[in-house]
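Here the structure is laid out as structure tokens; the discussion comes afterwards.
Read the figures in this text as sums done on the coordinates, not as results from a lab. Just so it is clear, the model here is predicted, and its values are computed rather than measured. For neighbour counting, all protein chains shown are included, and Cβ atoms are generated from backbone atoms with ideal geometry for every residue, glycine included.
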Amino acid sequence: MVKSPFETPEEHVDTSPAVADDVKQTTCYMCACRCGINVYLKDDKVRYIEGNPDHPVNKGILCAKGSAGIMQHNSPARLSKPLLRVGERGSGEFKEIEWEEALGLASEWLGSIRTSDPRKLAFFTGRDQSQSLTGWWAAQFGTPNFAAHGGFCSVNMAAAGLYTIGGSFWEFGEPDWDHTRYFMLFGVAEDHDSNPIKAGLGKLKTLGQAKFVSVNPVKTGYSAIADEWIGLRPGTDGLFVMALIHELLKAEKIDWEFLGRYTNATWLVIDDPGAEDDGLFVRNSEGAALCWDAGRGAAVPAADVSANAAVVGRYTLPDGRVAVPSFELLAKRYLDPSYAPEAVAEQIGLPVDTIKRIAAELAEAAFEKEVVLDIPWTDWAGRRHERMVGRPVSMHAMRGISAHSNGFHTCRAIHLLQVLLGSIDCPGGFGYKAPYPKLIPPSPLPAGKSVSPNTPIAGMPLGFPLGPDDLLVDDAGQPLRLDKAYSWDYPLAAHGLMHMVIHNAWAGDPYPVDVLMMYMANMGWNSSMNVQGTLSYLTDKDPETGDYKIPKIIYSDAYYSEMVPYADLILPDTTYLERWDCISLLDRPISSAHGPGDAIRQPVCKPDRDVRPFQEVLIDLGVRLGLPGLTEEDGSAKYPGGYPDYIVNHERSPGIGPLAGWRGADGEQQGTGSANPDQLQRYIENGCFWTHKLEPSQLYFKHSNRDYLAYAKQMGWIPTEEPITMQLYSEILQKFRLAARGHGKNQPPEAQRARIEAYFDPLPIWYAPFEEAAVEGEGYDLHAITQRPMHMYHSWGSQNAWLRQITARNRLFVHPETAEKNGIEDEDWVWVISHHGRVKGQVRVMHGVNPETVWTWNAIGKRRGAWALDEDAPESNKGFLLNHIISELLPAREGGTRYSNSDPVTGQAAWYDLRVRLERCDPAEASVTEPLFDPVKRPPGAPREQPAVLRYGADLKGQDNPRSDDHLPAQEWIGNRHEVARTVPGVADGRGNQKREAAAPAPSVPKTEVTPEGGV
Ligand code: SF4
């Protein structure tokens, strides 16, 4: 028999060559999802990153961003040493200093204001994941001026949920992917909850038993794979949802039993216009809300399970007052013909039939496809239920609906819809993630009303007001916080208003600050509205003193972002692979609807630069400043081991610390227990996470499930085992309204009464977004919004060597009808003009967008010189930011007051209210974006020259398999231009960098731009 040449016995192919000499597990930070990763290391360098198959968040899935963590970790934009400004702000002129000098300077600046007026520190962070530390640090310092990025992200979503159902979407809850039959996604791009949603959608497609409807003006990403895309007009989602509610009420397709048992639908509301208790709940002497028992003909506690509670009607109480069940008010509101599909369809931009059909489909899924699980459970009142019956409609919403000035009410309307269908925390519906559900709203009030030198404030700076008495205002009703959160301007600003901090600090409104300290927030560019104005606020000087109006700016970041040149003192942070982190139940953990979970990051590499994790720096500064929580009585460090020491040994309340797993001296306790010195080791052994699986009887109806409530209390998440009653009608909002009507000891200043009266309706309302209303009739006929590509996350992602190869510039996407109407063709350059300014970008015509809307990718456009990109990088020359034309202030209205461009209830930044018109550019203006800012200087310590092509890992690969270069194309990055390079085997420049072939793109190489449909 003739031997095949492929069977030569001496030939050996190693199909599993050793690629690493160590593998460490940690948590990804390339976006906010917190997936588990396995990092393969060779000679202490990252060789490869893969998803951790055992991790509860991603179960092994790794997205493009996660893999590209290598290039984030090795980014040429990394800062390498503390910097002190030596030139003018914005010049980028710094000198390198030692850490001791940097920390000495910071503690000197901070120490002097702590001993005089701690409010003069404004401490704001971006999308960091250590807010339980940073917020607590601010409280220890004694300033109320703290918040993170939530105010410009999705606080409307969070606050609306927490004030309505005691939870919300994403970190607060998730769809029951296994059982749902109808999934509605509102306003979601791809950057949040990335892998879990992708996996969930994959499951829906695989099981084939659910319809997926995406409501979004843009058909990209998730919307592109939806079974139905609802491309409505931006800012009208609330009206759409209220029209659905109208249809469901009309058809009586609502879950009466769910409403009666778990919501305040039966609670009696006092109907006495003009009275000080008008619109409040009828309560007994113990403060318990009452319902009308139709059997007894009397008002009885709503918690009395024997009552035959009325949901409609009008009842006279023994004291003569008249009251109605809150459901009566709700039904009256949404059955009004003004919410009928016929009345709202044109405004929403949808056919009447579509609205009616979606309502019918929701009803069909909820009531004709109910999911029944044979799992017995016991409710809070001790009633045993043999089965768990679910209404399998699930929903998820995010920034697209949140970032409007009508977002709070829209988000509340979505929760109302879920509640009316009975689809909260039931099989097939939306499920709470621990530690939610919490009390409605959660218990901490915002602290900071009283501020004293050298004294912590009385609680955490962020919290949830229960009424006007909890606002942070002075006796004249004026704001006590720099960002005006919790003032009459934005009473329920649960995440603060970071987008107003720089403006207010510059304006000294309501007061000047001395130190602005920020972490991971690119406020000098894509995290600010009105970039040009923001840069002028940062550099403006008092003409009399010659001092900057914002006297001192401390900034910590890992990268040379656009914000860095505008700070005075730079504290360089590590990358996420070089530090400890704690993804805590005190903040935003990794729980699922099946049980709680938290996680850590451990350093998998040592920094090769003189950088320190910001969390370590905060703890060090806390000791230098003598903050009580961080020092012993003798002034020594309470956590001498730094951040890991704090993670293990800090207790927020007795027995409750940053991590819930392996507590107690022997590590056998969960949730509560004394500190365990081996805790971090136990996390590392378990893949850097901890989870607990709920018992089947605890899995659903958590708001009223006796076993779950007992567990939640034991874990310290809720104060009692009382059920959590969903608040369709919000008495808290009504209390603000009553104050506006002249009741109570704390009332809004005269100029704000009408605003509070209008926007603190106890039932969700819809109104036109503020900017739309303000510029009506001025020719700004289009909405302009942004989306995030799934392969990038904020400005970190769009500077990443590998991810830039997918998208290195953004286009303005325009519907063909809109293009034609404006005389614009594909590839044209246009001016996008708002009431605030104009920006230039290049058009790509696409069908998958609402015709009254134009959109672009966010945070691709960069300033020349920043992020270690070359000055002719496409990001800075062709990419553009809509931020330039979004004002942080609304046009003057309501008695001349200029409010911020925010939701009036929560202060959420209204990014998506932007209205624009398009003008085709003169051909001479084409090809480069405008405004084009001066390049920023490279920081000291940065290499003078960047190689044109950056390459990573060739040396590692060569050691493993010397032949690999022959047949494996190396991954590489074009350092400064948007030309597509091809590898040239064997041609290297001697520094490990592959040399680029001819500059012009070769015809065979595909364009690396995003197609109109959002694919790549
Ligand atoms: S989804 Fe986010 S956290 Fe998960 S792997 Fe991708 S970038 Fe990392």
Next item on the list: Taking H placed 1.01 Å from N in the peptide plane, check which residues at least 5 places from Ile583 or on another chain put their amide H under 5 Å from its amide H.
Entry: Ala599, Ile600, Arg601
Notebook entry, point to check: Taking amide H positions as placed 1.01 Å from N in the peptide plane, with prolines and chain starts having none, which residues 5 or more places from Lys42, or on another chain, fall under 5 Å of its amide H?
Noted result: Asp21, Arg47
Next item on the list: Give me the number: length gained by fully extending Arg383 to Thr316, i.e. 0.36 nm times residue separation minus the C-alpha to C-alpha distance, one decimal in nm.
Entry: 21.0 nm
Check: Any idea how far apart Glu722 and Leu207 come out in nm if each label point goes 7 Å out from Cα toward Cβ?
Finding: 3.5 nm
Item checked: Farthest positive-ward along the stretch 416-480 dipole, Cα basis, beta-carbon charges - from Gln418, Ile440, Pro465 -> Gln418
Margin query: Defining a contact as two alpha carbons under 8 Å apart and six or more residues distant in sequence, what relative contact order in percent does the stretch 646-767 show?
Written below: 14 percent
Notebook entry, point to check: According to the Cα gyration tensor, what semi-axes, each the square root of 5 times an eigenvalue, does the equivalent ellipsoid of the stretch 366-491 have, listed from largest to smallest in whole Å?
Noted result: 39, 19, 11
Next item on the list: Over 21 Å, how big is the tail of the calculated P(r) for the stretch 643-762, in percent of all Cα pairs?
Entry: 60 percent
Next item on the list: For the stretch 839-850, just list the computed ³J(HN,Hα) in residue order, Karplus coefficients 6.51, -1.76 and 1.60, θ = phi - 60°, integers in Hz, with x standing in for Gly and Pro.
Entry: 9, 10, x, 9, 8, 10, 7, 8, 7, x, 8, 4
Next item on the list: Would you calculate the volume per residue, in Å³, of the smallest convex hull containing every Cα atom of the stretch 453-518?
Entry: 112 Å³
Next item on the list: Scale the Cα Rg of the stretch 405-476 by the rule-of-thumb value 2.2 N^0.38 Å and send over the ratio, two decimals.
Entry: 1.54
Note to self: Could you tell me the calculated FRET efficiency between Gln347 and Glu827, based on Cβ-Cβ distance and R0 = 35 angstrom, to the nearest 0.05?
What the structure shows: 0.60
Next item on the list: Could you please tell me the mean projected area of the C-alpha convex hull for the stretch 252-347, averaged over all directions and given in square nanometres to one decimal?
Entry: 7.8 nm²
Next item on the list: Please work out the FRET efficiency for the pair Val928 and Glu820, using the Cβ-Cβ distance as r and a Förster radius of 22 Å; give the result to the nearest 0.05.
Entry: 0.30
Note to self: To check you understand DSSP bridge types, tell me what percent of the beta bridges within the chain (both residues inside) are antiparallel, rounded to 5.
What the structure shows: 65 percent
Next item on the list: Using only the Cα atoms of the stretch 573-654, each taken as one equal point scatterer with no solvent, compute I(q) by the Debye sum, divide by I(0), and report log10 of the ratio at q = 0.25 Å⁻¹.
Entry: -1.21
Check: Please state the equivalent ellipsoid semi-axes for the stretch 517-557: what are the square roots of 5 times the Cα gyration tensor eigenvalues, largest first, in whole Å?
Finding: 21, 14, 5
Note to self: Given bins 10 angstrom wide, list per bin the percent of all Cα-Cα distances in the stretch 807-868, short to long.
What the structure shows: 21, 51, 23, 6, 0
Notebook entry, point to check: Based on the alpha-carbon gyration tensor of the stretch 316-369 and its eigenvalue square roots a ≥ b ≥ c, which shape applies: rounded if a/c is under 1.5, prolate if not and a/b is larger than b/c, or oblate?
Noted result: oblate
Notebook entry, point to check: Using a simple spin-label model with points 7 Å from Cα along the Cα→Cβ vector, what separation in nm is obtained for Glu668 and Ser91?
Noted result: 6.6 nm
Next item on the list: Evaluate the distance, in nm, between pseudo-label points positioned 7 Å from the Cα of Ala199 and of Thr354 along their respective Cα→Cβ axes.
Entry: 3.3 nm
Checklist line | Relative contact order, percent, the chain [alpha-carbon distance under 8 Å, six or more residues apart] | finding: 16 percent
Check: When the chain is fully extended, how far beyond the present Cα-Cα distance does Ala892 get from Thr115, taking 0.36 nm per residue of separation?
Finding: 275.9 nm
Next item on the list: Using only Cα atoms, locate the centre of the stretch 836-872 and the centre of the stretch 119-167, then give the distance between them in Å, rounded to an integer.
Entry: 29 Å
Check: Which of the lysines could a cross-linker span from Lys549 if the Cα-Cα distance has to be under 28 Å and same-chain partners fewer than 8 positions apart are dropped?
Finding: Lys81, Lys95, Lys120, Lys449, Lys484, Lys541, Lys862, Lys937
Next item on the list: Quick one: compute the contact order of the stretch 466-603, relative version, from alpha carbon pairs under 8 angstrom and 6+ residues apart, as a percent.
Entry: 14 percent
Margin query: Suppose we look only past 18 Å in the calculated P(r) of the stretch 769-834. What percent of the Cα-Cα pairs does that tail hold?
Written below: 56 percent
Next item on the list: Using only the alpha-carbon atoms of the stretch 628-707, report the extent along each of the three principal axes, biggest first, to the nearest angstrom.
Entry: 50, 29, 18
Item checked: Calculated from backbone phi, Karplus (6.51, -1.76, 1.60) coupling profile of the stretch 281-287 in Hz, x at Gly/Pro -> 6, 6, 10, 8, 5, 8, x
Check: What shape does the stretch 757-896 take by its C-alpha gyration tensor, where a ≥ b ≥ c are the square roots of the eigenvalues and a/c under 1.5 counts as rounded, a/b above b/c as prolate, and the rest as oblate?
Finding: prolate
Next item on the list: Kindly state, to the nearest 0.05, the FRET efficiency for Asp14 paired with Ile375, given R0 = 51 Å and r defined as their beta-carbon distance.
Entry: 0.55
Next item on the list: For the stretch 31-150, just the Cα atoms, rotate onto the principal axes and tell me the three extents in Å, largest first.
Entry: 53, 32, 25
Check: In sequence order, what are the phi-derived ³J(HN,Hα) couplings for the stretch 21-36 according to the Karplus relation 6.51 cos²θ - 1.76 cosθ + 1.60 with θ = phi - 60°, rounded to whole Hz, with x for glycine and proline?
Finding: 9, 7, 10, 10, 9, 7, 10, 5, 9, 7, 8, 8, 6, 6, 6, x
Notebook entry, point to check: Can you give the direction-averaged projected area of the convex hull of the alpha-carbon atoms in the stretch 357-434, in nm²?
Noted result: 6.6 nm²
Check: How long are the semi-axes of the ellipsoid equivalent to the chain, from square roots of 5 times the Cα gyration tensor eigenvalues, in whole Å, largest first?
Finding: 44, 33, 32
Note to self: Between the stretch 425-487 and the stretch 501-544, how far is it from one alpha carbon centroid to the other, in angstrom?
What the structure shows: 25 Å
Notebook entry, point to check: What residues of the stretch 507-524 lie in the reach of a label at Asp542, counting those whose backbone N is under 14 Å from a point 7 Å from the Cα along Cα→Cβ?
Noted result: 507-509, 511-515
Check: Could you work out Rg/(2.2 N^0.38 Å) for the stretch 167-283, with Rg from alpha carbons only?
Finding: 1.37
